[in-house]
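First up is the structure itself, then whatever we jot down about it.
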Amino acid sequence: MFKDIKQIKTTRRTVLGAALGLGVAAGFGGLSRAFAADDIAVGAIYDLTGGLNIYGIQQSRAMHLAVDAINAKGGLLGRKLNVIESDSQSELPKFTQYANTLILRNKIQVLFAGLTSSAREAMRPIVREKKVPYFYSALYEGGACDKQTFITGASASQQMSVLIEWAIKKYGPKIYIMAPDYNFGTISAHWVETYAKQLGGEVLGSDFLPLTVTDYAPTIQKIQAAKPNFVVTLPVGANQTGFLEQFAAAGLKKQMGIVSTNYGSGNQQVVVSPDAGEGIVASQEYFMWIEGAGNDAFKALWKAKYGLDEPIISEAASTWNAVNLWAIAVEKAGSTENDKVIAALESGLTFEGPNGLVTLQPKSHHLKQNIYIVQGNRDHGFDVIKTYESVAPSFEDEKCDLIANPATAEAFTP
Amino acid sequence: MEIDYLLVVLLSSLTSASVLIIATLGLAVIFGLMGVVNLAHGEFIMFGAYTALVVTRSGVPFSIAVIVAALVTALFGAIVERVIIRRLYGRLLDTLLATWGLSLVLYQSAVLIFGSVTPGIGMPQSNVRIGDYTISSYMLFLLGVAIVLVLALYWLLTKTGYGIVARAAIQDSETASAIGIESGRINTMTFALGSGLAGFAGAILLPAVPATPGMGFAFVIKAFLTVVVAGPVTLTGTVLAGGLLGSAANIVASFWTTVAGNIVFFMLTMGLLRLYPNGITARWNRKL
Amino acid sequence: MTISTQPDQQANSRIGKAIAWSDLISIAAAVFVLLIISLIVDPYLAYVATSWVIFGIVGLSLDLVWGRAGVLSLSQTAFYGLGGYAGSIAAINFSYLTGNTLIWSLPVGMLVGGVVAAFISWIIFYGRMGVLQTTILTYTFTLVLWTATVSFSTKVGKAVVGGDNGMSNIPPMILGLGDAAKQLEPNAMLVTVVLIAAILYALCKALAKSPFGLIIDCIRLDPVKAELLGYDIRRYQLILFTIAGGIAGLAGSLFAAWSNYLNPSIFNVQEALSIPIYVLVGGRGTLVGAFVGALAVGGLSFWLGGGVIGGQTTLVMGVCLILLVLFMKSGLLGGLAQLFALFRSKREAKQAPIDQTEQRVKIDFDLLDKIRLHANTNSQSVELSSVDALKSFGGVTPVNRVTQSFKKGKVRCVIGPNGAGKSSYLKALAGTYKLDAGQIKFGQRDITHADPFDRVRQGLGIKMQKAQVFDDLDVRTNLWIAAYSRDRNREEADRVSGGMLKMLGMVAQGSKPASQLSHGEQQWLDIGMVLCLSPDVMLFDEPAAGMTKDERRQLSQLIKTLSKSAAVVVVEHDMDFVRTLDADVTVLHQGEVFAQGDIEVLRKDERILDIYLGRRKHVQAH
């Protein structure tokens, strides 16, 4: 979608070669020569096509927006940033392939890539071995801990701690969990249980749903039988928004609250009908509707380039923060050398992003940032109802200390 | 276990089966009458859902939008049959691959045209109370839709000229062509009928399952299995297989977990296929 | 085209033999060129190309079952993924013992892929599922794995299978033992994978050329006939499927070592369906096409992934697939071969046509005796009998309580008007129709529930109404396959099929595809194939159809001769032909035995004329 004109010209010559595969594809080598020698090569891999491009396109847009803004101010260290972007097509093996290619061929200095945890996990060993700082900007289940990996999205515990506190206060202590049946769901459910216990709540039951389910009647019946005060729902993928419709249609919204940490992160509030979406409470590090100078400036830039037909998602803001944090670190290090940049990134950097002030935690490589509690309205949008300022990624801070143990390469699970 | 819970589970298992049957009939008709498996079936459902969505949002009542969606998808199916399927008769596996290619194209086109998120239309906020439980009226309505749909299809295939000819054509294609039945035209109509049913399914389920480019995928696995388990006797087989598998999965999910419900669905399928490799109706005499 | 007029061993000896030197040399040459390229390309390209070669290996495994056996399996990626997981678990846990990783991951991956494939194919083939059901079932298997694995987390020794987050820290490709073990650089990795691929390809090629491969070809072309030649097709399909699963599993463990990471997306739809694309692009049934396809698609996708055409990879791939299926069904290699064939046929057209000497069948009693002798059948007369055999389809009962027994000595003819159930009765005897009631006995043995291949092995031979020959195989190979079935001896099969070819007067046509024979010639070929089996009981359904007068005379003589040493049952329409057979006659009507006796006696029976002419009165009386 957004590609460098020079890149296209070079590539066109290799059309035939590529089609024939191995032998002739060696012409790709010519690509890197198209760029000026002192440009800083910035690698990006997002899902521009396929099922995940709901997220991937916005991540890519935010990344380009940030890079353009930096280049407009003269680049970094007097050098222009040059984005080399690959489309991972929502296919996991492409991440491995393109990450290696960008590093080996294009000699990228930094990598911004990926939406899913599996994509991050696939690239984490590669950047570790090749020593390229890597930024992952999506909300996720938490726990990733690796020297070259930096995470600008919120982790599950970070969001859940404030959400459960708020919800128990608002609705009462009895909780039911509806979660997708994979890592994100099961780990998030664990955090619900943990915080519920801490705060005097009680989890009455939980149902884990495969991503291909379209019929939520059994879940809804079980919720009715359990009679909770509120339901924690973590719909993943477009299909699971059907749960919200069926939940509302069965008349359950009048009887109990419904809260989520990921509702809205893929613009689900646009998909669900006003009846189903109104009143759903969500908690994330960014919503387009939050107030603040940083967000206004960000939205203005975004609107000028892409328009605002589709609400900006939290992953976009996280990507913007990622690029800017890296840029600050490069300026501070005065070099793009890996050791120096990592050292700068681990120096407690702060940045005033669209979602307020964020702090890059030196030990855990996660962000301390605001978490917003919002409530769905009838216009496919949200109203902000509470801001928790500077929420620390406590689980990651506790488990992960990359300054003391730089060799750690783990995805911690609670 | 309270009696009201049992009643609700019974009702919802019937609605689950109805949803499965509604989503499967189009595939079953094409498979039963033409011997072709349309791997793009899920995307045809999606096609119908988007058509209904667009029509509804232009101000047309939903009930009419559903009809429009079915017709538009049928027309699209007719074109697909003329342009692609027709050239592949007798090349069963190639047809599979071509329709799979079509599913990719439809999916990506939907992403391009509608973007990844489009507002849904929502379900009617009315429900029926049974003891301590409520069940959405629209889901109950779908149960009625499934029954009417099956009866209408039965009428279409037994009482109309097209139906009689189409069934004659599967029973003996040589004789059919000998007595001057133009099998090409019949096939176009059958494929259009199957596509129309898929479009109808997408449209009628739209309130409960929002339109997204990938929505078809959620239906196809179970729809394929239902058709294969059903075997050659299109209508009865689909109703039986869909009813059995759909409600069994629902009941297990209601008393245990949704994952268990899914596992039961797949295990039952495997078991049935081992017992009846060519479908439960493979040895039946009736043809519908 | 060279044609030897003598059916000598020389011409035959190529059938069912292992891979030829010329093939090996061309493989070696291709591999050499690839190795050179592998060593000189940029590391990043070598790295990416490694994955293309691995995909090519998965494609190869699909081409084995789809291109050769005609079964479109969409579960190759399932075996691939499972093999990858299993191989990686082995490598993670045991590689510290040797330093080497591939020595652990490859065999384990292959084993697991093969075992799972064997299980799936047992369900499919021993359940005798249809082609379509097979494809859907394999597709579903893959999708079920996909949905199941995203939530499956466990720990196997040191290996963590982490649900959707996958399995990380899979060791890379390491070769060498102990201290000498070292991780392969991208170019070395490509070289290794190319070598492994070449070995697998050569093995598959050898397999395809072996008798096993020929039988697989036959199963693809006509599974019913293959079974009627006495081959247990389920077993062959299962073995082939297992081998293919093993290859896919091995490819999976290579892939895991390549990417150092695996997650359930290896089981997803895109992966599952990209494999048939590789095969289609390259050319189905060619085996090497899988690699051509994987390189071409990999290259294209790589180039599209770079952002060209607005990143519309999915769209482009979808359209390409439709176009490929519609317009280039034989793939890149097939397209080239067609071009080449066009060029060659133009050149050959200029040459003088080969002198087609009038060929005719000459019964070689000596040969028939020799086959029988070698077949070593029990000299006492074997009897095939049916007791109250009943078969019905819905309202129709084509075989209605038929009790008959057939012995050697005199030809038995089964006659009757159209729809009397003659062919159905033969099929019930042969086992292609399973009885609803009654019994079929072969000697003392009850074979009512035996599969057709089993009955053939007992000594039954059947020629169906429509001549069944393997269209794409040449005439000589058709006979060879039949002869090979009897005692699985290559030399003996060479000798018998050579003799039979001569007897049928088809020596000049020995290397022609069977599909190019005339209708009558195909009938003879089919009869010849049955004779190669040297059965104790032979069932012929309208053998004289499409033959000239002269050929009928030959056939009649042949059948009479055969009946001296075997029970022969002939279904015939043509009364004149029946008379030449000097046979006992059984008249079937509406599935029942209507009359029985000498042909001349029956010819005078008014009732039989009635049923033949459709007159009702006597029929009702009966």
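Of all residues in region C:160-172, those satisfying the criterion of being over 19 Å from A:Tyr140 (Cα atoms) and either more than 14 Å from chain A (Cβ to nearest Cβ) or not hydrophobic (A, V, I, L, M, F, W, C) (or both) are C:Asn169, C:Pro171, C:Pro172. Close contacts from region A:66-78, counting a first residue that is surrounded by 14 or more Cβ atoms within 10 Å (Cβ to Cβ) and a second that is aromatic (Phe, Trp, Tyr) and part of a helix (DSSP H, G or I), with Cβ to Cβ under 6 Å and a gap of 6+ residues or different chains, come to A:Ala66/A:Trp320. Can you confirm whether A:Gly56 is surrounded by 23 or more Cβ atoms within 10 Å (Cβ to Cβ), more than 7 Å from every other protein chain (Cβ to nearest Cβ) and in contact (Cβ under 8 Å) with a residue 24 or more places away in the chain? Against the criterion (surrounded by 23 or more Cβ atoms within 10 Å (Cβ to Cβ), more than 7 Å from every other protein chain (Cβ to nearest Cβ) and in contact (Cβ under 8 Å) with a residue 24 or more places away in the chain), A:Gly56 qualifies.
For B:Lys222, the conditions (1) out of contact with any Ser or Thr (no Cβ under 9 Å at 6 or more places or on another chain); (2) closer than 18 Å to C:Phe141 by Cβ are fulfilled apart from (1).
Across region C:54-79, what is the number of residues that are hydroxyl-bearing (Ser, Thr, Tyr) and either modelled with pLDDT of 95 or more or not assigned by TED's automatic domain parsing to the domain that holds C:Thr149 (or both)?
Of region C:54-79, the ones hydroxyl-bearing (Ser, Thr, Tyr) are C:61, C:73, C:75, C:77.
Now narrow it down to the ones that are either modelled with pLDDT of 95 or more or not assigned by TED's automatic domain parsing to the domain that holds C:Thr149 (or both): C:61.
Adding up the residues that qualify gives 1.
In region B:201-214, of all residues being hydrophobic (A, V, I, L, M, F, W, C), within 12 Å of chain A (Cβ to nearest Cβ) and farther than 23 Å from B:Ile263 by Cβ, the one that is surrounded by the most Cβ atoms within 10 Å (Cβ to Cβ) corresponds to B:Ala201.
Criterion first (out of contact with any Ser or Thr (no Cβ under 9 Å at 6 or more places or on another chain), of a type in the set (Val, Ile, Thr), assigned by TED's automatic domain parsing to the domain that holds C:Arg552 and within 21 Å of C:Leu221 (Cα to Cα)) does C:Val537 satisfy it? Here the answer is no, as C:Val537 does not meet what is asked. Does region C:55-68 contain at least one residue that is touching a Pro at 6+ places or on another chain (Cβ under 8 Å) and within 30 Å of C:Gln133 (Cα to Cα)? Yes, that holds for at least one residue. Of all residues in region A:368-398, those satisfying the criterion of being of a type outside the set (Gly, Ala, Ser), in a strand (DSSP E or B) and closer than 24 Å to B:Ile121 by Cα are A:Val374, A:Gln375, A:Phe382, A:Asp383. The requirement of being surrounded by fewer than 21 Cβ atoms within 10 Å (Cβ to Cβ), outside the structural domain of C:Arg68 (by TED's automatic domain parsing) and of a type outside the set (S, T, N, Q) is fulfilled somewhere in region C:419-430, by at least one residue. At the interface with another protein chain (Cβ under 10 Å from one of its Cβ atoms) and modelled with pLDDT of 85 or more: is that true of C:Phe141 in this structure? So C:Phe141 fits the description; yes. Just one of (1) of a type in the set (A, V, I, L, M, F, W, C); (2) more than 11 Å from chain B (Cβ to nearest Cβ); (3) in a loop (DSSP other than H, G, I, E, B); (4) more than 24 Å from A:Gln375 (Cβ to Cβ) fails for A:Ile187. It is (3). Scanning region B:90-104 for residues that are more than 12 Å from chain C (Cβ to nearest Cβ) and either among the polar types (S, T, N, Q) or surrounded by 21 or more Cβ atoms within 10 Å (Cβ to Cβ) (or both) turns up nothing. Looking at this structure, is C:Leu214 in a helix (DSSP H, G or I) and surrounded by fewer than 24 Cβ atoms within 10 Å (Cβ to Cβ)? Yes, satisfied. Quick check, is C:Ser153 at pLDDT below 90, of a type in the set (S, T, N, Q), farther than 23 Å from C:Leu195 by Cα and in contact with a helix residue (DSSP H, G or I) (Cβ under 6 Å, 6 or more places away or on another chain)? For C:Ser153, the condition - at pLDDT below 90, of a type in the set (S, T, N, Q), farther than 23 Å from C:Leu195 by Cα and in contact with a helix residue (DSSP H, G or I) (Cβ under 6 Å, 6 or more places away or on another chain) - is met. The set of residues in region A:243-270 that are touching a residue at least 12 places away in the same chain (Cβ under 8 Å), at the interface with chain B (Cβ under 7 Å from one of its Cβ atoms) and either assigned to a loop (DSSP other than H, G, I, E, B) or over 21 Å from A:Lys227 (Cα atoms) (or both) comprises A:Ala250, A:Asn267, A:Val270. In region C:126-133 there is at least one residue matching the filter, namely being within 23 Å of C:Leu273 (Cβ to Cβ), of a type outside the set (A, V, I, L, M, F, W, C), away from chain A (no Cβ under 14 Å) and within 21 Å of the chain's Cα centre (by Cα). Just one of A:Thr241, A:Thr194 is modelled with pLDDT of 90 or more, polar (S, T, N, Q) and not assigned by TED's automatic domain parsing to the domain that holds A:Gly142; which is it? Answer to the check: A:Thr194.
Across region A:127-145, the number of residues qualifying as within 11 Å of another protein chain (Cβ to nearest Cβ), surrounded by 24 or more Cβ atoms within 10 Å (Cβ to Cβ) and not in a loop (DSSP other than H, G, I, E, B) comes to 2. Filtered by the rule that a residue be polar (S, T, N, Q) and facing another protein chain (nearest Cβ under 7 Å), region A:206-219 gives A:Thr212, A:Thr214, A:Thr219. Listed by position, the helices (runs of 4 or more DSSP H) contained in region A:271-367 that have at least 2 residues being within 14 Å of another protein chain (Cβ to nearest Cβ) are A:274-277, A:314-333. Of the set (1) within 14 Å of chain A (Cβ to nearest Cβ); (2) at pLDDT below 90, all apply to B:Arg87 but (1).
Every condition in (1) among the aliphatic types (A, V, I, L, M); (2) away from chain C (no Cβ under 12 Å); (3) closer than 16 Å to C:Asn165 by Cβ holds for A:Val110 except the one numbered (3).
Which residues, counting only those in region A:220-242, are within 28 Å of the chain's Cα centre (by Cα) and either under 25 Å from B:Leu142 (Cβ atoms) or within 12 Å of chain B (Cβ to nearest Cβ) (or both)?
A:Val231, A:Thr233, A:Pro235, A:Val236, A:Gly237, A:Ala238, A:Asn239, A:Gln240, A:Thr241, A:Gly242
Tell me, yes or no, whether region A:163-181 has at least one residue that is part of a helix (DSSP H, G or I) and within 14 Å of chain C (Cβ to nearest Cβ). The answer is no; no qualifying residue exists. Among the residues of region C:517-548, those identified as touching an Asp or Glu at 6+ places or on another chain (Cβ under 9 Å) and in a helix (DSSP H, G or I) are C:Gly520, C:Gln523, C:Trp524. Return the only residue of C:Lys466, C:Lys407 being at pLDDT below 90, surrounded by fewer than 21 Cβ atoms within 10 Å (Cβ to Cβ) and under 22 Å from C:Ile371 (Cα atoms). Step by step, each of C:Lys466, C:Lys407 is checked, and only C:Lys407 is at pLDDT below 90, surrounded by fewer than 21 Cβ atoms within 10 Å (Cβ to Cβ) and under 22 Å from C:Ile371 (Cα atoms).
The values are calculated or read from the model by the stated rules, or taken from the named source; none is laboratory data. Quick caveat, the model's predicted, so the values are computed rather than measured. Methodologically, a virtual Cβ is constructed for each residue, glycine included, from the backbone with ideal geometry; neighbour enumeration extends over all protein chains shown.
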